[in-house]
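Some notes on the structure that comes next.
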Amino acid sequence: MLDLSSFKKQNYTPYETPLERAHKLELFLGKKSPKIYIKRDDMLGLTGGGNKTRKLEFLMADAIEKKATAIITCGAIQSNHCRLTLAAAIRENCECHLVLEERIPNTFDQEASGNNFLFQLLGATSTTLAKKGENTQAIMKKMANELKKQGKTPYIIPGGGSNEIGSLGYVNCFYEIKNQIKTLAINPSTIICTSGSSGTHAGLVTGIKITKTPIKCLGISVMRSKIEQTELVRSLASKTARLLQANTNINHEDVLIDDNYIGNGYSMPTPEMIEAVTILAQTEGILLDPVYTGKALAGMIDLIRKNSISSDETIIFIHTGGSPALYAYQKDFHQTLKQNYNKTP
Ligand SMILES: *Cc1c(COP(=O)(O)O)cnc(C)c1O
């Protein structure tokens, strides 16, 4: 196993996240169900947890090494990444400037709940709204120049923390999973994760390749077509392997993407997402999120029901977090949850 210890890392989670068997979800899914383990990255450290914490451990270490005093990043209007970057910046005594992209016109609401509320509660130094299609990269660069003029040292973290430094967090996560698999004496065939800005998926693929582990990693796309997402993940995994000086080629065949669960687009609720979020809440008491993990679990459930995953397999679902965003989507759940409201015992 290639050692990551030559890379500086801040420690935001003082434990390994559990790899838990989801017995009650299996019972719910019935005879077709494989053995399901959930990697509880929703329990990572920093405010509210979730996958960005692992990326930020490496990104913030890099920022600190470069003597940064002001962190700049961007994300959607309910971005978990922005919440966690802000939380990390607070820990490191840095300013934090957020550029929020309104990907669906007229959906930004200053008083919205969920992560939006937390941006304010955690005290973002500034929030800038970008309209759909505006170049957030250019906005962040301009901001960095302004901050330099004020004598500050800005550090730009890309959307989702997805560059090769951030991806190291998920190479690390795969190492952690590999040890847990050994301890539990299980032999999983597949890891299922959400594939968005791609750092999570790319890091896992890199970890699998450099350890030559015979396990598949299937990413459920939440915004891009299979062709686009595959190339995005492959390219970032290659950069990550290069940063690790690993002698490995990452090919298209190493990246498995399913793009059947996006619905009408990024962050747009689907009935299957609502069902999946409700099922996991009511079987395991675990909260998913509507934008990422809800759609990923919807995909996993559908693949099980279609027999694309067979009952003799063992699979791992990476719970990448995001439940604070749920509270901004409460209305989308009203219809289905109301049906149980007046039920007598
Ligand atoms: C960002 C995010 C993802 C997607 O991870 P990427 O590394 O951006 O592909 C999945 N789940 C949640 C909850 C997220 O916030």
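Taking only segment 268-280 into account, find how many residues are surrounded by fewer than 21 Cβ atoms within 10 Å (Cβ to Cβ) and touching a residue at least 40 places away in the same chain (Cβ under 8 Å).
Let us first name the residues in segment 268-280 that are surrounded by fewer than 21 Cβ atoms within 10 Å (Cβ to Cβ), namely 268-272, 274-275, 278-279.
Filter once more, so that each one left must be touching a residue at least 40 places away in the same chain (Cβ under 8 Å): 268-269, 274-275, 278-279.
Selection size over segment 268-280: 6.
Considering only residues that are within 15 Å of SER267 (Cα to Cα) and in a loop (DSSP other than H, G, I, E, B), which ones fall in segment 322-345?
Going through segment 322-345, the residues within 15 Å of SER267 (Cα to Cα) turn out to be 322-333.
Answer for segment 322-345, where residues must be within 15 Å of SER267 (Cα to Cα) and in a loop (DSSP other than H, G, I, E, B): GLY322, TYR329.
So which residues in segment 213-261 are part of a helix (DSSP H, G or I), under 20 Å from PHE174 (Cβ atoms) and β-branched (Val, Ile, Thr), if there are any at all?
The answer is THR230, VAL233, THR240.
When you go through THR183, THR200, THR194 one by one, which is the residue that is assigned to a helix (DSSP H, G or I) and either within 26 Å of HIS81 (Cβ to Cβ) or of a type in the set (Phe, Trp, Tyr) (or both)?
THR200
Which count do you get for residues in segment 263-297 that are of a type in the set (Gly, Ala, Ser), within 16 Å of LEU326 (Cβ to Cβ) and away from the ligand (no atom under 13 Å from the Cβ)?
Of the residues in segment 263-297, 3 are of a type in the set (Gly, Ala, Ser), within 16 Å of LEU326 (Cβ to Cβ) and away from the ligand (no atom under 13 Å from the Cβ).
Which numbered condition in (1) small (Gly, Ala, Ser); (2) in contact with a Gly (Cβ under 8 Å, 6 or more places away or on another chain); (3) within 18 Å of THR73 (Cβ to Cβ) is the only one that ALA144 fails?
All conditions are met except number (2).
Would you confirm whether any residue within segment 40-48 is within 16 Å of the ligand (Cβ to nearest atom), in a helix (DSSP H, G or I) and in contact with an Asp or Glu (Cβ under 8 Å, 6 or more places away or on another chain)?
Here is the first cut: in segment 40-48, the ones within 16 Å of the ligand (Cβ to nearest atom) are 40-48.
So of that shortlist, the ones also in a helix (DSSP H, G or I) come out as 41-43.
From the residues that got through so far, the ones that are in contact with an Asp or Glu (Cβ under 8 Å, 6 or more places away or on another chain) too are none.
No - not one qualifying residue is present in segment 40-48.
Can you tell me which residue within segment 269-314, out of those that are part of a helix (DSSP H, G or I) and among the β-branched types (Val, Ile, Thr), is farthest from ASN51 (Cα to Cα)? Quick ask: steps written out before the conclusion?
Residues of segment 269-314 part of a helix (DSSP H, G or I): 271-284, 293-305.
Going one step further and asking which of them are among the β-branched types (Val, Ile, Thr), we end up with 274, 277-279, 283, 293, 301, 304.
On the way: ILE274: 21, VAL277: 18, THR278: 21, ILE279: 22, THR283: 23, THR293: 11, ILE301: 21, ILE304: 25 Å.
Among them, the one singled out is ILE304.
Of everything in segment 167-204 that's β-branched (Val, Ile, Thr) and within 11 Å of the chain's Cα centre (by Cα), which residue is nearest to ASN11 (Cα to Cα)?
Taking the candidates together, the pick is THR200.
Since VAL99 meets every condition but one in (1) closer than 24 Å to GLY265 by Cα; (2) touching a Leu at 6+ places or on another chain (Cβ under 7 Å); (3) buried (at least 21 other Cβ atoms within 10 Å of the Cβ), which condition does it not meet?
(2)
Among what's in segment 195-247 and is of a type in the set (S, T, N, Q) and at pLDDT below 95, pick the residue that is nearest to ALA76 (Cα to Cα).
GLN245
Looking at segment 289-345, which of its residues are over 16 Å from ILE262 (Cβ atoms) and hydrophobic (A, V, I, L, M, F, W, C)?
ILE304, ILE309, ILE315, ILE316, PHE317, ILE318, ALA325, LEU326, ALA328, PHE333, LEU337
Just a yes or no: is a residue in segment 143-166 farther than 20 Å from ALA89 by Cβ and within 16 Å of the ligand (Cβ to nearest atom)?
Checked segment 143-166: at least one residue is farther than 20 Å from ALA89 by Cβ and within 16 Å of the ligand (Cβ to nearest atom).
Any residue at all in segment 246-266 that's surrounded by 15 or more Cβ atoms within 10 Å (Cβ to Cβ), out of contact with any Pro (no Cβ under 8 Å at 6 or more places or on another chain) and under 22 Å from GLY48 (Cα atoms)?
yes
Inspect segment 61-71 for any residue being away from the ligand (no atom under 14 Å from the Cβ), over 23 Å from GLU164 (Cβ atoms) and basic (Lys, Arg) and give the result as yes or no.
Here is the first cut: in segment 61-71, the ones away from the ligand (no atom under 14 Å from the Cβ) are 61-71.
Filter once more, so that each one left must be over 23 Å from GLU164 (Cβ atoms): 69.
Filter once more, keeping what is basic (Lys, Arg): none.
Looking for residues that are away from the ligand (no atom under 14 Å from the Cβ), over 23 Å from GLU164 (Cβ atoms) and basic (Lys, Arg), one finds none in segment 61-71, hence no.
With the requirement that a residue be under 21 Å from PHE119 (Cβ atoms), away from the ligand (no atom under 16 Å from the Cβ) and touching a residue at least 60 places away in the same chain (Cβ under 8 Å), what does segment 298-331 give you?
Listed by number, the list holds a single entry, GLN330.
The values are calculated or read from the model by the stated rules, or taken from the named source; none is laboratory data. Just so you know, these numbers come straight off a predicted model, no measurement behind them. Because the Cβ atoms are built from the backbone with ideal geometry, glycine has one as well, and the counts that use them run over all protein chains shown.
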